[in-house]
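We did not get these values from a lab; they are worked out from the coordinates using the rules stated. Note that this is a predicted model, so its numbers are computed, not measured. Cβ atoms come from the backbone with ideal geometry, glycine included; neighbour counts cover every protein chain shown.
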C-alpha cells in the first residue's frame, strides 16, 4: 500500500465524530476501500461538488450537457429508477475513521491506525519499511468486515467516477423532485483511500474501460421508450423488417451478413419520418420522440409508420424481389447494388414519409414517389449527393438532401427548403424534372431541426460507408 511522507493537512477523522455511515471495509489489491450508501439529500455535503465540471479539475472529463439531460430525462420517465454506484477518493487513512462491528477485528484496525500515523511521520527509511510491512500483515488478517465509517464535518470526497449522476441528482433536488429529497433515497458509493493525483487519474481511465452498450442492444432491450417499442413493432409487422432481415446486436451490418438493416437503422428511419431530423443529439431526439409519441398519439403514428413501410415493402422493386424469395437472394450483392439497403437510403425514405405525417402528401402519393425512383447505386441522382465514389455519404444534412431529391424525382410537392437544397448541389438540377424547381408548391412548416452534432450512436452506418464532410457542408447550404 502507498505510504505518504506526511499526514495531509486538514481534519483528522476520529471515531464518534462527524457523519456516521454503516459501511464495509475491504481491499482491492493493496488499497483499502469502503462501501457506503449516501442518502441523496446529503450527497452535496459528502462530495466535493465544486470540482464537478470545473475546467481546472484535471481528474474528470468535462461535464457533457447532453449526458446530464439524458440522465434527467430518465429520472423523469422511470419511477422505478436504478442509479449505479459512484466511486470517490479520500485523501488519506486519517481522512475517515472506520470502526468494525467485530471487537477482535476492531483491535487490529486500531493498531493499523496507530502504525499508519507512525510510518507517515517517520524519517527513517528502515523504520518506514518495517512499519509498512506490519501494516500489510495487518491488512492481510482483516477480511471484508462491516462496521461504521465516520466522515469528519468539512471533509469532501473527490469524484473519481459518477460525476454526471451526481450532477443529475443535485439538479433534480434543486428543481424540487420530492422523490430524491426523501431520506430513504440513496446511492451506493465506493470510497478508495488514494492521495496520489496520478493514481486517481489512472483510476478514472481504468473505470472507463468497460465497453458502452451498443445502441442496437439498447433498442432491443428498452421497453420504456415509445420509439423503441415502435421499432420492435416494425419488426413484427413490416415484411422487409422481419426478424430474419434485421441485426439485433450490432449497430452495423457485417459484409457477409444475411441481414439488411440493424435496429439502429430502423430507429433512424423512424426519427426521420416523425421529426424530419436525424441530426439531433441522443437526449434531445429521445425527448422529442417521446413527446411526439405520447399518449393517444402513439397508436395513430404507429399505424402511419407501419402502413408506410409495409407499403414500401411491396412497391419498391428491390424490397419486393427479396421478399419473393429470401432464400435465393445474395444479400451482399443486394446491399452493394441498391442505395435503399443501407441506413442512409432507409432514412431518406423516412424523410419522405414525413410528408405523410405533416399531411402534405397521402401515403399513396408518398409510396408512389419512393417507388418511382431508381434506387440502384449507379443512378446519377446519387452521385455527389448520397454517394461519393463507391461509398455512401453520412450525415443528417445528406439525409435531408436525399429526401428532397426523392420528392422531386417522384413528383411530390417541394418546399422552399427543398428547392434551396437541390440548387445548392452543382449539376443536380439538370438531373431532375425542370418544372419541379420553378417554384415551391408546398408550404414550409416549422420543422423540428437543430444544429446539434450528429449522435454517432443513433447514426451508425455499415462499414462500406465513408465520411463526406465536403458533401455535408455543401448540402448544408440548403439544409434546414
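For residue 206 and residue 242, FRET efficiency with R0 = 41 Å and r from the beta-carbon atoms, rounded to 0.05? Efficiency, from the Cβ-Cβ distance: 0.45. What shape does the stretch 215-476 have by the C-alpha gyration tensor, where a ≥ b ≥ c are the square roots of the eigenvalues, rounded means a/c under 1.5, and otherwise prolate means a/b greater than b/c and oblate the rest? Rounded is the answer for the stretch 215-476, as its axis ratio a/c remains below 1.5. Computed from the C-beta positions of residue 48 and residue 317 and an R0 of 60 Å, the FRET efficiency is 0.45 to the nearest 0.05. Here the calculated FRET efficiency for residue 300 and residue 17, from their Cβ-Cβ distance with R0 = 60 Å, stands at 0.45, rounded to the nearest 0.05.
Over the Cα atoms of the stretch 333-388, the radius of gyration divided by the Kirkwood radius equals 1.01; this is the Rg/Rh ratio.
Extending 7 Å from Cα along the Cβ direction at residue 114 and again at residue 1 yields two label points whose distance is 1.6 nm. Extending 7 Å from the Cα toward the beta-carbon at both residue 175 and residue 64 defines two label points whose distance is 1.9 nm. Working ranking of peptides 381-389, 161-169 by packing, defined as the average number of other Cβ atoms within 10 Å per residue, highest first, is 161-169, 381-389. In this label model, residue 27 and residue 363 are separated by 6.7 nm, measuring between points 7 Å along each Cα→Cβ vector.
For the peptides 273-280, 424-431, 146-153, the ranking by packing is 273-280, 146-153, 424-431, with the highest mean count of neighbouring Cβ atoms within 10 Å listed first. From the Cα gyration tensor of the stretch 180-267, with a ≥ b ≥ c the square roots of its eigenvalues, which class applies: rounded if a/c is under 1.5, or else prolate if a/b is larger than b/c, or else oblate? Oblate, because a/c is 1.5 or more while a/b does not exceed b/c. Take every Cα pair under 8 Å whose residues are at least 6 apart in sequence, average their separation, divide by the length of the chain, and the relative contact order is 16 percent.
A value for volume of the Cα convex hull per residue in Å³ was derived from the coordinates, and within the list (i) 230; (ii) 182; (iii) 173 it appears as (ii).
Counting only helical runs of four or more DSSP H residues, what would the 222 nm mean residue ellipticity of the chain come to if each run contributes -39,500 (n - 2.57) and the total is spread over all its residues? The helix contribution divided over the chain gives -13500 deg cm²/dmol.
Taking each residue as 0.36 nm, the span from residue 233 to residue 153 lengthens on full extension beyond its C-alpha to C-alpha distance by 23.4 nm.
Percent of Cα pairs in the stretch 32-124 per distance bin of 5 Å, from zero to the largest separation: 2, 9, 13, 17, 16, 13, 11, 8, 6, 4, 1, 0. Per-peptide packing, taken as the mean over residues of other Cβ atoms within 10 Å, places 82-95, 234-247 in the sequence 82-95, 234-247 from highest down. Across the stretch 19-207, Cα-Cα pairs farther apart than 27 Å form 35% of the total.
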